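Chemist: Below: one structure in C-alpha cells.
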Amino acid sequence: MDVIVLEDADEVGAVVADLVVELLAEKPAATLGLATGSSPLPTYQRLIHLHRQGKVSFVQATAVMLDEYLGLPEGHPQSYRTFIIEEFIGSIDLQVERLHSPDPTATDLEREGQRYEEVIVGAGGVDLQLLGIGRDGHIGFNEPTSSLASRTRVKTLTRQTVEDNARFFDSVDDVPTHVLTQGLGTILDSRHAVLIATGASKASALAAAVEGPVSAMCPASILQMHPKATVVADMAAGAGLRLLDYYADTQRGKAALER
Ligand code: GLP
C-alpha cells in the first residue's frame, strides 16, 4: 500500500482529485468507482471545480457505486444514488445513464447482487475505486466479519454504523438496517483502490487497516492484498499510525503518487 498523510481534508481532496484527472486524461472512457459518505466530498467538490474550469471531462466515463440502502422510499434524499447525483454527478458531464448502482427495489436481491457484478464486468471493471472507511473498519458496507472474498450482496449494518449514519437522517430509527454492497472480493478486483480517511474518529480504524493484520474484523485491511492501493489521509486520521513520519514525508508522498 502507498500511504500518504497530508495536512487536512482539503489537501486530501485535491490530491485524490488529481488522481482521477490523470486517469481520465489517459483513459477518457474509464470506469470510476464512487463512494458516498462525507470523506470523498472534498474530492468531488474539487473535481466539479476542475470540470468547470475545463480541466477534466467525464463525458465518456462510466461510474459504478459501491453500495445502496434497502427500504428507503424512491427518491429519498439519503438514498446513495440520489446523494451522488446531488453531490457530484449532477454537476459534471457524466451521463446519468452511465451511473450504475445496486437496485434496492429488486424483488430478488440475491439475483440483483449477481446482476450488479455483471454490470461492473460489462463496464470493463473499475479503473479507480474511491473508498471511505467506517469507524469499525468497513469499506462499502462490508461490516466486520465480511468474507474477504465476498461479492455484491445484502448486509446487515452494525448498531455503530447505523448510529454513525443517523446524522444524515431525522432520527436513528429512520436509518435503514440493511444494504446492498459490493463485496470485498469485488473491491479487490478494481485496478486501483484509493482509500480516503479524514478526521480523528477514523484514526484507530485506519491504523488497524494499514498496520494491523489482514482480518475480517477490519474489512479495510484486505486492501493490504490489493495490487495497487493508495491510502490518502489527513493528520487527524493518521494520528494512530506508527510510521506517521514516513507517510507524511512530502518527497516520498510525491514519488508514490507519480508511480
Ligand atoms: C458509509 C458508507 C461508506 C463510507 C462510510 C464512512 O457507511 N457506506 O462507503 O466510507 O459511511 O462515511 P464518512 O465518510 O461519512 O465518515
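Bear in mind that the values in this text are calculations on the coordinates, not laboratory data. Quick caveat: nothing in here was measured; it's all calculated off a predicted structure. Note that we place each Cβ from the backbone using ideal geometry, even for glycine, and neighbour counts take in every protein chain shown.
Chemist: Report every pair of residues separated by at least 6 positions or lying on different chains whose Cβ atoms are under 6 Å apart, first residue within the range 188-208 and under 22 Å from Val64 (Cβ atoms), second buried (at least 20 other Cβ atoms within 10 Å of the Cβ) and among the charged types (D, E, K, R).
Modeler: Arg191/Asp127
Chemist: Being out of contact with any helix residue (DSSP H, G or I) (no Cβ under 8 Å at 6 or more places or on another chain) and in a helix (DSSP H, G or I) is the filter; apply it to the range 236-254 and report the residue that is farthest from the ligand (Cβ to nearest atom). Walk me through how you get there before you give the answer.
Modeler: Just the residues of the range 236-254 that are out of contact with any helix residue (DSSP H, G or I) (no Cβ under 8 Å at 6 or more places or on another chain), to begin with: 245, 249-251, 254.
If we keep only those that are in a helix (DSSP H, G or I) too, we end up with 245, 250-251, 254.
Details: Asp245: 25, Thr250: 25, Gln251: 29, Lys254: 25 Å.
Applying the filter and picking the extreme gives Gln251.
Chemist: Identify all residues within the range 217-246 that are of a type in the set (Gly, Ala, Ser) and over 21 Å from Ala9 (Cβ atoms); write none if there are none.
Modeler: Ser221
Conditions tested, residue by residue: (1) within 26 Å of Gln53 (Cβ to Cβ); (2) among the small types (Gly, Ala, Ser); (3) touching a residue at least 40 places away in the same chain (Cβ under 8 Å); (4) buried (at least 16 other Cβ atoms within 10 Å of the Cβ).
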site: Glu87; (1), (2), (3), (4): yes, no, yes, yes
site: Ile92; (1), (2), (3), (4): yes, no, yes, yes
site: Arg98; (1), (2), (3), (4): yes, no, no, yes
site: Glu110; (1), (2), (3), (4): no, no, yes, no
site: Thr145; (1), (2), (3), (4): no, no, yes, no
site: Arg151; (1), (2), (3), (4): no, no, no, yes
site: Asn165; (1), (2), (3), (4): no, no, no, yes
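Chemist: Something else: Working only within the range 55-93, note down all residues that are among the β-branched types (Val, Ile, Thr) and touching a strand residue (DSSP E or B) at 6+ places or on another chain (Cβ under 8 Å). Steps first, answer last, please.
Modeler: Applying the first criterion (among the β-branched types (Val, Ile, Thr)) to the range 55-93 yields 56, 59, 62, 64, 82, 84-85, 89, 92.
Hits for the range 55-93 are Thr62, Val64, Ile84, Ile85, Ile89.
Matching residues to (1) of a type in the set (Lys, Arg); (2) within 19 Å of Glu258 (Cα to Cα); (3) crowded, with 22+ Cβ neighbours inside 10 Å:
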site	(1), (2), (3)
Val21	no, yes, no
Leu41	no, no, no
Tyr44	no, no, yes
Val59	no, no, no
Pro77	no, no, no
Thr82	no, no, no
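Chemist: Now for a different question. Is it the case that the range 53-60 has a residue that's among the small types (Gly, Ala, Ser), free of Cβ contacts under 8 Å to residues at least 12 places away in the same chain and away from the ligand (no atom under 16 Å from the Cβ)?
Modeler: yes
Chemist: Looking for whichever is out of contact with any helix residue (DSSP H, G or I) (no Cβ under 9 Å at 6 or more places or on another chain), within 16 Å of the ligand (Cβ to nearest atom) and touching a residue at least 12 places away in the same chain (Cβ under 8 Å) here; the options are Gly71, Gly37, Gly33, Gly13. Which one fits?
Modeler: Among Gly71, Gly37, Gly33, Gly13, only Gly71 is out of contact with any helix residue (DSSP H, G or I) (no Cβ under 9 Å at 6 or more places or on another chain), within 16 Å of the ligand (Cβ to nearest atom) and touching a residue at least 12 places away in the same chain (Cβ under 8 Å).
Chemist: For the list (1) within 11 Å of the ligand (Cβ to nearest atom); (2) within 27 Å of Leu257 (Cβ to Cβ); (3) not hydroxyl-bearing (Ser, Thr, Tyr), I need the number of the one condition that Gln160 fails.
Modeler: Failed condition: (2).
Chemist: Considering Ala123, Ala106, which residue is surrounded by 18 or more Cβ atoms within 10 Å (Cβ to Cβ), more than 11 Å from the ligand (Cβ to nearest atom) and among the aliphatic types (A, V, I, L, M)?
Modeler: Exactly one residue qualifies, and that residue is Ala123.
Chemist: When only residues in the range 197-224 that are within 16 Å of the ligand (Cβ to nearest atom) and not in a helix (DSSP H, G or I) count, which is surrounded by the fewest Cβ atoms within 10 Å (Cβ to Cβ)?
Modeler: Here the answer is Gly199.
Chemist: Hey, another quick one. On the given criteria, is Val194 within 13 Å of the ligand (Cβ to nearest atom), β-branched (Val, Ile, Thr) and over 23 Å from Ala106 (Cα atoms)?
Modeler: yes
Chemist: Is it true that Ala63 is among the small types (Gly, Ala, Ser), away from the ligand (no atom under 14 Å from the Cβ) and under 25 Å from His178 (Cβ atoms)?
Modeler: Here the answer is yes, as Ala63 does meet what is asked.
Chemist: Further, regarding this structure: Could you pull out the residue among Arg115, Arg191, Arg159 that is farther than 20 Å from Phe88 by Cβ and under 18 Å from the mean Cα position of the chain (by Cα)?
Modeler: Arg191
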